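First up is the structure itself, then whatever we jot down about it.
Throughout, read-outs are computed from the coordinates displayed, never taken from laboratory work. On a predicted model such as this, the values are computed, not experimentally measured, just so you know. In this analysis, Cβ positions are derived from the backbone assuming ideal geometry, glycine residues included, and neighbour counts consider all displayed protein chains.
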Amino acid sequence: MTGMVGIMGPPQDVVVRTEQRMARMVGYARAACATFVLVPLFGWDQLRHPWIAVVVVVAAAAEAGWFSWSAWHSTSRLADRLVLADVAFCVALMLVGSRAAEPGERNRIMTELVPFSLVAPAGVGFALGIGVAGVVMVAALMAAWSLAVLPDVTLKLGSDLLGFALWYAVALLIARELRALSDATAAAQEDAAAAWRLFVEQEREAESLRHREITHREIHDYLLPIVDHVAAGGTPSAALVREARRGAQRARRIIMDPRGMDPRVLTDDTSGSGPGEPPASSGSDVVPAGADRGAGPGESQASREDGETGLEAMMSAVVDMFADEGLPLVPFVAVRGEPPEAVREALVAATREALRNVMRHAGPVDEVSLFVEGDAEEVLVVVRDRGVGFDPATVRRGGGLAGSYPAISRHGGRVEVTARPGGGVKVTLRWPAPPAGVPGGAP
Amino acid sequence: MNAELPDQVAGDRRPLSVAIIDDHPIATESLAGRFAGAGFSVLAPAPSLEALDPAATPDVVVCDLHLPGLSGAAAVAELRGRGLRVLATSGVATSDEVLDAIAAGAAGFVDKTVLAQQFIAAATAVAAGGHHVSARLAGFLLEDASRRRLARDEIDDDERNLLRGLAQGDTLDELCAEWGLTSAAAHRHLLRIFDAARRRRRLHRPSPREAEVMVLVGCRGLSHKEAARAMNVKVSVVADYLRAVRVKYLASHPDAPVTIPPSTAATLWARELGFG
């Protein structure tokens, strides 16, 4: 009966805790009913042995204190020996305590011993349950009170004895209800835990299956042809290097974040097998990247507004697309609010154009950073490479880069392009345009 | 202290020594060649931490985060334990892996794919007792700082702007020149940034004991009692660890349902972190 905690899993916790609480309930009753024995002291003059009444008060207070303390600190079900000791004490208390009054007066002045002792059969009901031992204990209590009042047998004795029997019976019923409740709770908790385990297991399986499919496809489509080519002694060419870069980027993405790899249909012509030219079309009229995810043109679908056409999602799609093409992007995208839709689209189109320019003009670069930060009020986008750059003195800034940059200005933003020959290019998109006089290459 | 010293004819400046720990010979060879070309003395390449001579005292160790044997943050911690300065590198490490390496004491991180030039600048800075923050690391640090704010000694606006500049692809020298910052001041800022990153990790990542419980209960499916016996603690302590794991998991996974049981949180997080 003791030591149940050790073998219990977490759902069984509730069963043990319920037993603890039931033990405490008996403890409360024991402590509360101890006050009854004070009452005979008020009939001091009518007592035959007042000192016995004093002993009763002291002993009952001590016993009730000890019992309540033990019940409060019970780690599980109310202990058998505690209840047994309580019954024995009550038997003794009734037999001895009743002697404080004259024989004919016991049933009157010392009747307060009964409410004190009635708690004992409740403890028996909670601790021992239904059974011979419990019935014997209750019978002992009844017999003790019958003997205590012996010459003075009245109808009241009947109601006292019924009291002992009923407290036992009612405690049995309450204990059964509470235990049924705690068992049902434990079972529900166990079911919920099992459902979670199943869910986690299924998720894991589905994910590992998806991961395997993606890995298989990526290796087959993007890595194996290159490795085969090299293994067969194929000559390195610019196209091969380009394909190898792309394969490396895609492989890296699988390793770092397989969950981020959605099976996607690329609209660009590079998804073919041949190591062809990187898409040379101007970025201005390309379908918005967000559309690649199958959401459709999207602006009418209000419910998808944030998920599919939010700036962060759109920029992430741009990142994915260029990474798939082999651009060694180091992205940082942190968007906390949504600027107006037209601004979002202009920014994303300009970002695509800047990245497209890096692919076309920067030469071999080992790192291109894309920094996107903003909220509903302002957005900053920086595209920075360390490629060949160009000489601002000979190339008209922004001129050759026609297309989507002017749209930024139309929406109240500003584009800055700073470049040095050999020092790479930095494209800064700000929305809204900063006030005049802010440092940084003014257009 | 350095055996290669007499070979160096270029006056009194001792060449910096570097050890490279990486299990890919292709990567090691080309990197070692470039370090040698830049005037470093390069120790024999080690394919694993165990293969590195324990008595070696290079000025900087370039350590890949995915190694056979002791790997990742544990490898960095081991090297730091030997009093070595560590520059972490990887081509595939996730944000968590990189930040764990920083928390374990790495003084910088560079992508494995970058040109030798950045590698050499980074290793030089780390060897001199400084830090190196690549654009990628700056992005990771910024994101970590905005997702998991510290209650005290959080990085200030200057430091945040420094990270923003680095994440935009500028180098530390360029930023110092642009803002009129001395390199000593920049160094102090980086020290504070790294310190904050370490404290952030300690607060929001499972402690070693919590990680142990996550592996036992979350990955191996042990009951509380079995886990308690394996760890030689009380059952209630295991439950406490799991509750702490759940709190940390919810803090870093705002989308997770708040009703998630502790053992499920442990399972999901352990899988996400690649435990077990």
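If you rank A:411, A:73 by fewest surrounding Cβ atoms within 10 Å, what's the result?
Details: A:411 18, A:73 11.
Arranged by neighbour count, lowest to highest, A:411, A:73 become A:73, A:411.
Can you pull the percent of Cα pairs in the protein assembly as shown with separation above 49 Å?
Details: 102412 of 258121 pairs.
For the protein assembly as shown, the fraction of Cα-Cα distances above 49 Å is 40 percent.
Quick one: order B:24, A:229 by neighbouring beta-carbon count within 10 Å, fewest to most.
On the way: B:24 13, A:229 17.
Fewest to most other Cβ atoms nearby, the residues stand as B:24, A:229.
Using 0.36 nm per residue of separation minus the Cα-Cα distance, give me the extension gain between residue B:184 and residue B:82 in nm, one decimal.
Details: separation 102, 0.36 × 102 = 36.72 nm, distance 2.64 nm.
Here the segment from residue B:184 to residue B:82 would lengthen by 34.1 nm.
Give the percent of DSSP beta bridges with both residues in the protein assembly as shown that are antiparallel, rounded to the nearest 5. Can you show the working numbers first?
On the way: 19 of 42 bridges.
For the protein assembly as shown, the DSSP antiparallel bridge percentage is about 45.
Report, to two decimal places, the Cα Rg of the range A:111-180 normalised by 2.2 N^0.38 Å (N = number of residues). List each step's numbers first, then the result.
Numbers: Rg = 12.6 Å, N = 70, 2.2 N^0.38 = 11.1 Å.
Computed over Cα atoms of the range A:111-180, the ratio equals 1.14.
With a ≥ b ≥ c the root eigenvalues of the C-alpha gyration tensor of chain B, is it rounded (a/c under 1.5), prolate (a/b larger than b/c) or oblate? It would help to have the intermediate numbers written out before the result.
On the way: a/c = 2.54, a/b = 1.54, b/c = 1.65.
It comes out oblate by the Cα gyration axes.
What's the lysine pair count for the protein assembly as shown at a Cα cut-off below 25 Å, pairs eight or more apart or interchain? Could the numbers behind the result be given before it?
Numbers: A:426/B:112; B:225/B:234; B:225/B:248; B:234/B:248.
Count of close lysine pairs: 4.
FRET efficiency for residue B:29 and residue B:149, Cβ-Cβ distance as r, R0 = 60 Å, nearest 0.05?
Values: r = 44 Å, r/R0 = 0.73.
Calculated value: 0.85.
Using the Cα centre as the reference, give the magnitude of the dipole from point charges on the C-beta atoms of chain B (Lys, Arg: +1; Asp, Glu: -1; all else neutral), rounded to the nearest 20 debye. Please report the intermediate quantities before stating the final value.
Details: 31 positive and 34 negative charges, 271 e Å.
That gives chain B a dipole magnitude of about 1300 debye.
What are the GluC sites (Glu not before Pro) within the range B:167-276 that DSSP puts in a loop, where the Cβ has at most 16 other Cβ atoms within 10 Å?
Values: sites: B:174, B:178, B:210, B:212, B:226, B:272; in loops: none.
In loop regions of the range B:167-276 (DSSP not H, G, I, E or B), there are no sparsely surrounded GluC sites (Glu not before Pro).
Which residue, A:88, A:46, A:140, has the largest displacement toward the positive end of the dipole of the range A:5-193 when charges sit on each Cβ (Lys, Arg +1; Asp, Glu -1)?
Going by the Cα projections, it comes out as A:46.
Can you tell me the length gained on complete extension of the stretch residue A:81 to residue A:170, counting 0.36 nm per residue apart and subtracting the Cα distance? Walk me through the numbers before you get to the answer.
Values: separation 89, 0.36 × 89 = 32.04 nm, distance 2.11 nm.
Contour length minus the Cα-Cα distance gives 29.9 nm.
Averaging over every viewing direction, what projected area does the convex hull of the Cα atoms of the range B:134-205 cover, in nm²?
Details: hull surface 17.8 nm².
Across all orientations, the range B:134-205 yields a mean hull projection of 4.4 nm².
Can you give the Rg and Dmax of the range A:26-119 based on its C-alpha atoms, in angstrom?
Rg and Dmax of the range A:26-119, Cα atoms, are 13.7, 46 Å.
Just want the answer: with Cβ charges of +1 for Lys and Arg and -1 for Asp and Glu, which residue in B:135, B:182, B:169 is farthest toward the dipole's positive end in the range B:134-205?
The residue sitting farthest along the positive end of the dipole is B:135.
Quote the relative contact order of the range B:134-205 in percent (integer), defining contacts as alpha-carbon pairs under 8 Å separated by 6+ residues.
On the way: 48 pairs, mean separation 29.6, N = 72.
Relative CO of the range B:134-205 lands at 41 percent.
Considering only C-alpha atoms, what is the centroid distance from the range B:66-120 to the range A:180-199, in Å?
Spelled out, the Cα-based centre of one part sits 44 Å from the other.
Stretch residue A:418-residue A:342 to full length: gain in nm at 0.36 nm per residue minus the Cα-Cα span? Numbers along the way, then the final one.
On the way: separation 76, 0.36 × 76 = 27.36 nm, distance 2.55 nm.
Stretched out fully, the residue A:418 to residue A:342 stretch lengthens by 24.8 nm.
Any idea what angle helix B:116-127 forms with the longest principal axis of chain B, computed on alpha-carbon atoms, 0 to 90 degrees, nearest 10?
Once rounded, the angle reads 80 degrees.
In debye, nearest 20, what is the charge dipole magnitude of the range B:134-205 about its Cα centre with +1 on Lys and Arg Cβ and -1 on Asp and Glu Cβ, if you could check? If you can, show how the numbers build up before the last one.
Values: 15 positive and 13 negative charges, 152 e Å.
That gives the range B:134-205 a dipole magnitude of about 720 debye.
So what is the 222 nm mean residue ellipticity for chain B from helices alone, if each DSSP H run of at least 4 adds -39500 (n - 2.57) and you divide by all residues, rounding to the nearest 500 deg cm²/dmol? Present the calculation step by step, with values, prior to reporting the outcome.
Numbers: 12 runs with 141 residues, N = 276.
Calculated at 222 nm, the ellipticity per residue is -16000 deg cm²/dmol.
Sort B:41, A:404 by Cβ crowding within 10 Å, fewest neighbours at the top.
On the way: B:41 19, A:404 25.
With the sparsest Cβ surroundings first, the list reads B:41, A:404.
Output the relative contact order of chain B, whole-number percent, from Cα pairs under 8 angstrom with separation of 6+ residues. Intermediate results must be reported in sequence, preceding the final value.
Numbers: 389 pairs, mean separation 31.2, N = 276.
Reported relative contact order: 11 percent.
Choose one of B:88, B:16, B:69: the residue whose Cα lies farthest towards the positive end of the charge dipole of the range B:1-132 (beta-carbon charges +1 Lys, Arg; -1 Asp, Glu; about the Cα centre).
B:16
Just the projected area, averaged over all directions, of the convex hull on the alpha carbon atoms of the range B:1-132: how many nm²? Working shown, then result.
Numbers: hull surface 29.5 nm².
The number I arrive at for the range B:1-132 is 7.4 nm².
With +1 on each Lys and Arg Cβ and -1 on each Asp and Glu Cβ, and nothing else charged, work out how big the dipole of the protein assembly as shown is about its Cα centre, in Debye to the nearest 20.
Values: 73 positive and 86 negative charges, 356 e Å.
Dipole of the protein assembly as shown, to the nearest 20 debye: 1720 debye.
What are the GluC sites (Glu not before Pro) within the range A:312-388 that DSSP puts in a loop, where the Cβ has at most 16 other Cβ atoms within 10 Å? Display every interim value, and only then the final one.
On the way: sites: A:312, A:325, A:341, A:345, A:353, A:367, A:373, A:377, A:378; in loops: A:325, A:367, A:377, A:378.
Passing sites in the range A:312-388 are A:377, A:378.
Please provide three numbers in whole Å: the alpha-carbon extents of the range B:184-234 along the principal axes, with the largest listed first.
Computed over the Cα atoms, the extents are 54, 18, 11 Å.
Based on alpha-carbon centroids, what's the gap between the range A:101-131 and the range B:211-276 in Å, whole number please?
51 Å
Relative contact order, percent, of the range B:1-132 when contacts are C-alpha pairs under 8 Å separated by at least 6 residues? Write down the numbers at each step before the final one.
Details: 231 pairs, mean separation 27.0, N = 132.
Once normalised by length, the contact order is 20 percent.
Loop only by DSSP, 16 or fewer other Cβ within 10 Å of the Cβ. Give me the GluC sites (Glu not before Pro) in the range B:97-162 that pass, ordered by residue number. It would help to have the intermediate numbers written out before the result.
Numbers: sites: B:97, B:143, B:154, B:159; in loops: B:154.
Sites meeting the loop and neighbour criteria: B:154.
Viscosity 1.567 mPa s, temperature 4 °C: Stokes-Einstein D of the range B:59-183 from its Kirkwood Cα radius, in µm² per second? Don't jump to the answer; show the numbers that get you there.
Values: Rh = 14.9 Å.
For these conditions, the coefficient is 87 µm²/s.
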